[in-house]
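The values are calculated or read from the model by the stated rules, or taken from the named source; none is laboratory data. Computed from a predicted structure; not experimentally measured. Counting neighbours? That spans all protein chains shown, and the Cβs are built from the backbone with ideal geometry, glycine included. Just the protein is used for accessible areas: all its heavy atoms, side chains included, with ligands, DNA and RNA removed. Shrake-Rupley method; radii C 1.70, N 1.55, O 1.52, S 1.80 Å.
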Amino acid sequence: MNESPRWLCFVAGKSGGHIVPALHLANVARAEAPTKIMFFSTDTDLDRTILGKQTIDQHITLSCSLLYRSIFVRPLALIQLGYACLKSLYYLIRHRPESIVSTGGLVSVPVVLAGWALRIPITVYNLDAVPGKAARFTAQFASKVYVCFDVVRPLFPARTIKRVDYPHRFTAADKQPMEAARATLNIPNHACVILILGGSQGSAFLNTWFTNYLETLKPEIRSNLYVIHQAGNRTIDELKAWYTKHNVAADVFAYRDKIAPAYCAADFVIARAGAGTLFELLFFKKQALIIPLETKSTDHQLDNAYAMAALHPQLFTVIRQIDCTQKADVITHMFEHALQAHKS
């Protein structure tokens, strides 16, 4: 007799750092038992791009843009939140999932509220070294809270919290020798490979800073580099033109699911400090310069970077954006060390 599949609900949005772990958890659930997946996300292009490549039985988008705006649009945000809650209720009643798993993003708020009203068990993952706004709120309604950094354990209810490994997308099978990875990517063996990871949406700062920095290097150093650059959609054509003009071999792309060969091929990595990126770098044991994103609205990447560097100082060096110019000599030393290590 065939076992009818269960339904599980996952919710994440507005960031690959939220969505990719949720997809990994969904795939693990599918491997354990016959499962149908319903996935709530925002209606942004990024969410649609990432999730459009996946096998999802029911993908529901919620408009939550006003939740990210200022206090002056709060009345409209409440109306938008109310509609999102009703829409969530409809689909949760329709499919009756066994549980709801949230990996972050304000889109989780209406889904968790609707699930709590229906008495569906809720699991919340806080993936960063500081609690996100959505995680802090939704944890109040959760039967389980999972954290990936010990420093945040005291900030959640003790009765529900558990420390777990970060749910990244890679397995041991994704690790391969550097030479094999370079052959896969058609990279010459003599090149020192620099991997630039600006996050799922790219980083305008890293794109500009890194190309400006390359111009300060000696031509003989630039000629021995091969750059793999995850740049986001906005400036990809300009970056490709820049690398061509300056005779720097490069593979420039907006976002790529199958990025394991790039990790394996890299001699050195320059990256933002999303928790997913940091734990993936740790998985592949790659030395990295970490330049956290800092804005007026968030600096959680700074906490992520310092927490990871404290645990693994042999792999991670943290330099803040505002210090990149001042510490150019430190960065150059790291480049030269990577070149020497590659030659040896």
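Of a type in the set (S, T, Y) and either on the phi > 0 side of the Ramachandran plot or modelled with pLDDT under 85 (or both): does that describe S65? Yes: the conditions hold for S65. Scanning segment 47-63 for residues that are under 16 Å from the mean Cα position of the chain (by Cα), of a type in the set (V, I, T) and open to solvent by less than 50 Å² (accessible area, probe 1.4 Å) gives a single hit, I50. Could you say whether any residue in segment 145-154 is open to solvent by 60 Å² or more (accessible area, probe 1.4 Å), modelled with pLDDT of 95 or more and not hydrophobic (A, V, I, L, M, F, W, C)? Checked segment 145-154: no residue is open to solvent by 60 Å² or more (accessible area, probe 1.4 Å), modelled with pLDDT of 95 or more and not hydrophobic (A, V, I, L, M, F, W, C).
S88 meets each of the listed conditions (1) modelled with pLDDT of 95 or more; (2) in contact with a helix residue (DSSP H, G or I) (Cβ under 8 Å, 6 or more places away or on another chain); (3) not in a helix (DSSP H, G or I) apart from (3).
Yes/no per residue for (1) in contact with a helix residue (DSSP H, G or I) (Cβ under 9 Å, 6 or more places away or on another chain); (2) open to solvent by 50 Å² or more (accessible area, probe 1.4 Å); (3) under 21 Å from T277 (Cβ atoms):
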residue: V193; (1), (2), (3): yes, no, yes
residue: I196; (1), (2), (3): yes, no, yes
residue: Q201; (1), (2), (3): yes, yes, yes
residue: F205; (1), (2), (3): yes, yes, yes
residue: T211; (1), (2), (3): yes, no, yes
residue: K218; (1), (2), (3): no, yes, no
residue: R234; (1), (2), (3): yes, yes, yes
residue: E238; (1), (2), (3): yes, yes, no
residue: W242; (1), (2), (3): yes, no, no
